[in-house]
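The values are calculated or read from the model by the stated rules, or taken from the named source; none is laboratory data. These numbers were taken from a predicted model, which means no experiment stands behind them. Reconstructed Cβ throughout: ideal geometry from the backbone, glycine too, with neighbour counts over all protein chains shown. Surface accessibility is based on the protein's heavy atoms, side chains included, excluding ligands, DNA and RNA. Shrake-Rupley method; radii C 1.70, N 1.55, O 1.52, S 1.80 Å.
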Amino acid sequence: MDESSARLNAAVEVRLGANAVPGEADERGSGARIGEQARRSRCGALVFDLMGGYVEGDVGRIARVIRQVGASGRVGEVLAEATRFAAYLTAEARAAGVRLRAAQIRAGVLSRLAATVPPHHELAVSTALDALFEGRFPAAAASFGDGAPGDLIALHALTAFTAMLGIRVSAPGEFTSANLALLASVLHPRD
């Protein structure tokens with residue numbers, strides 16, 4: 001497996017129940033594994049839908065998805081999936097030689113957040129970005145706050161960053177809301 005494939009696998013690792021040998025159950029059972037895969041797929045679909053909102057600057061869509069994430073009770077899981085995709089895209093950007101300065105990241109993220117979060121959340125993101133750029137990771141995490149409310153602010157910031165980065169590193173017309181919606185529908189088909 002080449003390095004690019006390994007990064008993709010690490011970023012969007014999916015344990016399909018179909019990979020289990022019939023009659024052999026792991027310690028959690030194949031039903032639990034399928035349930036875990038389904039939860040991760042739903043969380044991934046929410047991430048791509050939210051990111052698509054940030055790509056398009058669609059405030060209504062962003063608000064709708066954030067409400068869904070909050071109502072799901074899986075804010076931390078959705079944030080984890082967003083982190084995985086952001087890590088994958090960041091690795092791809094590095095491999096492609098794309099370099100962004102701290103000021104570019106800050107401006108890109110905060111401009112996307114301006115219409116979607118209240119000013120005190122923008123301040124939390126700004127403070128977190130400053131801490132990240134200085135390598136103060138615990139301080140960055142503390143800037144968002146604890147629990148689901150803090151995780152939602154971090155989710156906003158991370159998806160805004162990923163949307164900005166995706167547009168920057170992709171070919172024109174490749175990292176679009178429609179393509180992200182397609183990914184979301186593959187992960188979690190709507191009825």
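Take PHE175 and tell me if it is aromatic (Phe, Trp, Tyr) and under 20 Å from ALA63 (Cα atoms). No; evaluated as a whole, the condition is false for this residue. Considering the stretch 43-85, the residues that are of a type in the set (Lys, Arg) and without any contact (Cβ under 8 Å) to a residue 12 or more places away in the chain include one that is most open to solvent (accessible area, probe 1.4 Å), namely ARG67.
Kindly provide the set of residues from the stretch 54-85 that are assigned to a helix (DSSP H, G or I), of a type in the set (Gly, Ala, Ser) and out of contact with any Cys (no Cβ under 9 Å at 6 or more places or on another chain), ordered by number.
Taking the stretch 54-85 as the starting set, the residues that turn out to be assigned to a helix (DSSP H, G or I) are 54-56, 59-72, 75-85.
Those still in the list that are of a type in the set (Gly, Ala, Ser) too: 60, 63, 70-72, 76, 80, 82.
GLY60, ALA63, GLY70, ALA71, GLY76 - these are the residues of the stretch 54-85 that are assigned to a helix (DSSP H, G or I), of a type in the set (Gly, Ala, Ser) and out of contact with any Cys (no Cβ under 9 Å at 6 or more places or on another chain).
When both residues are 6+ apart or on different chains and their Cβ atoms are under 8 Å apart, which pairs have a first residue that lies in the stretch 162-178 and is at pLDDT below 85, and a second that is among the acidic types (Asp, Glu)? That search, which allows pairs on different chains as well, returns VAL169/GLU92; SER177/GLU56; SER177/ASP58. For GLY97, the conditions (1) modelled with pLDDT under 90; (2) crowded, with 22+ Cβ neighbours inside 10 Å are fulfilled apart from (2).
Any residue that is open to solvent by 50 Å² or more (accessible area, probe 1.4 Å), in contact with a helix residue (DSSP H, G or I) (Cβ under 7 Å, 6 or more places away or on another chain) and assigned to a loop (DSSP other than H, G, I, E, B) - is there at least one of those in the stretch 117-136? No.
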